[in-house]
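Report on the following structure.
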Amino acid sequence: MVRESLPQPRTRKMTIIAQDPSVRVKEGRRLRILTARVDVPAEELAPGPSGHRVQVIDYDSSNNTLYKPAKLTDGDPYETVTDAQLLSDPGFHAQNVYAIVMRTLARFEFALGRRVSWGFNGHQIKVAPHAFADANAFYSEQDRALMFGYFQGQKNLVFSCLSHDVVAHETTHALVDGLRERYTDPSSPEQAAFHEGFADVVALLSIFSLPAVVETVIDKSTKAPDKNVPELIKASALTAAKLRRSALFGLADEMGQELSGIRGNPLRRSAELPPSKEYIDSPEFFEPHKRGEIFVAAIMNAFIEVWVNRLQGLGKISRGGLDRRRVVEEGASIADSLLTMAIRALDYAPSVDLQFCDFLSALLTADREIRPDDSRYNFRGILRSSFESYGMPPTSRPHADGDERGIWEPPPDSLTYDRTHFESMQRDPDEVFRFIWENRKVLDLFEDAYSHVLSVRPCMRVAPDGFVLRETVAEYMQMITLAASELRSLGITAPPEMPPETNVTIYGGGALVFDEYGRLKFHISNRILNADRQTRRLKYLWEFGYFQQGSSALRRFANLHRLRAMNLPTVMPGEE
Ligand SMILES: [Zn+2]
């Protein structure tokens, strides 16, 4: 029998709290919690909800209770609910975390053009929306889980699972851990800062990509009473300074008033950091969270600049002011594009020992590969100036100028491909390793180190104009452990007070980006034999107590977050 059937829907709408319960919008005379309906990948959900990548398990370890799994029927069961229900219905809490975690995963998969794994073995991440009675939330690689706590606020219980920003931030840790597993190694202050700063950037841009949020925070004073009249925003309200005040500070003031106990207010702290080249070398900013705020500030300032530039282009069309809806849509769509760019850059970032300046070169190159013409928005020029205004110039050697300045340099053309097979290079770590080993001299590898291909990932990315880019991205790493007294043979200077018998592990590694014909386009590496960099790293680790006993207890994300909220100094995350 032939049955005709409609294709299964690819996405499903779900209601979430747009930022957190403290962000409210006027409805009649009352203030209501701002919600948004977002698209999440459609799937047959088991009770929990439990899907192919996310399993919500509502277990509360503080009172040893397992709550009834939520059954999310088809459609959007929470589309029309009261604020009281949003706050008190555990079923909604389960939907809120499920939808935000899935949406964040889907953003990564869209940007990278392939499936993206969590940072542990296994397909499904467990999510506990009411994990414990404590003002904390974290990703635990060991438990393969995201844990969200709750606590007594001034009036009500405060649930971290209802904060978009906190949920997206923790999900990003789990995704970055899967994409760049060595970023939790003990390294420079910037590598630890990057994990935090990048998670904040993904969370903030996800929120700004919701038009409802932009609409709520922007220029509240000029809202017209009648919805049918096209509302105009005066051109004078659309300068960089004013948009920064209304959008960045506006949201920062409203969001997380009670949740600041969990990880402070990253938007406020980075919005308060005006451009300056002083921070990057100042000892105060060696603390990973503070350093992460420099990164967040550089990206959020670029967001405002691109937005203003775009609006000024439109301003010539309509005199007297700009259509409010247009301003909001442009802001949300620019946030969304920047989010895609930031995620794509991970593939073009070195596999070990990341610095912010490396990330800038990665951002510029990854975007140029898929979207060569940037004339409409000038994202790349604005990002480059914004990073430079915070003392973070691109890492790449000067080899291109003008619009291209800062992109990664191409690999040497003396590479040999004769003994490797194109087909297997797209999926087989042993084949990629063979390529690397054959070319170890040209690629500047250290022959005596332990070397390992960490991942081989074919991807297919789609540009806004429909152009399709096929690439294969591989990562490898090298490590060698030596006594401090032997470091000099590699040109590395050990800290003078370090006992000569101390065991020291030196890391190197790189990302290889192959084109659709299997030719290497970029080799983005931090070499073992970069003596300056290795010396700086050891000096930092030594000064911040990494080699002293007992420091390892401070290194989990949970503690990083707690210490951040309490404003205490931290050591970077890491293992060993
Ligand atoms: Zn974090």
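The values are calculated or read from the model by the stated rules, or taken from the named source; none is laboratory data. As the structure is a computational prediction, the values presented were derived from the model and not from experiment. Neighbour counts are summed over all protein chains in view; Cβ atoms, including those assigned to glycine, are modelled from backbone coordinates with ideal geometry. In case anyone asks, the SASA skips ligands and DNA or RNA and just uses the protein heavy atoms, side chains included. Shrake-Rupley method; radii C 1.70, N 1.55, O 1.52, S 1.80 Å.
Remarks
- Taken together, 508, 518 contain a single residue that is at positive phi and open to solvent by less than 80 Å² (accessible area, probe 1.4 Å), which is 518.
- Residue check, residue 165 within 15 Å of the ligand (Cβ to nearest atom) and outside any strand (DSSP E or B): yes
- Residue 88 being under 30 Å from residue 454 (Cα atoms) and away from the ligand (no atom under 16 Å from the Cβ): no
- Residue within the stretch 144-158 that is within 16 Å of the ligand (Cβ to nearest atom), under 30 Å from residue 359 (Cβ atoms), out of contact with any Gly (no Cβ under 8 Å at 6 or more places or on another chain) and open to solvent by 10 Å² or more (accessible area, probe 1.4 Å) present: yes
- One residue stands out in the stretch 169-190 among those that are farther than 21 Å from residue 121 by Cα and within 16 Å of the ligand (Cβ to nearest atom): the one that is modelled with the lowest pLDDT, namely 189.
Yes/no per residue for (1) more than 16 Å from the ligand (Cβ to nearest atom); (2) at pLDDT below 80:
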site	(1), (2)
192	no, no
219	yes, yes
223	yes, yes
226	yes, yes
256	no, yes
260	no, yes
263	no, yes
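- Some residue of the stretch 489-499 being out of contact with any strand residue (DSSP E or B) (no Cβ under 9 Å at 6 or more places or on another chain) and assigned to a helix (DSSP H, G or I): no
- Some residue of the stretch 242-254 being open to solvent by 10 Å² or more (accessible area, probe 1.4 Å) and either touching a Leu at 6+ places or on another chain (Cβ under 6 Å) or modelled with pLDDT under 75 (or both): no
- Wholly within the stretch 1-85, strands (runs of 3 or more DSSP E) carrying at least 2 residues that are of a type in the set (Ser, Thr, Tyr): 11-17
- Listed by first and then second residue, the pairs with beta-carbon distance under 7 Å, at least 6 apart or on different chains, first residue in the stretch 12-27 and in contact (Cβ under 8 Å) with a residue 12 or more places away in the chain and closer than 14 Å to residue 76 by Cβ, second charged (D, E, K, R) and open to solvent by less than 40 Å² (accessible area, probe 1.4 Å), are 13/76; 14/76; 15/76.
- Residue within the stretch 374-382 that is under 22 Å from the mean Cα position of the chain (by Cα) and without any contact (Cβ under 8 Å) to a residue 40 or more places away in the chain present: yes
- Among (1) open to solvent by less than 70 Å² (accessible area, probe 1.4 Å); (2) touching a helix residue (DSSP H, G or I) at 6+ places or on another chain (Cβ under 9 Å) - the single one residue 65 does not satisfy: (2)
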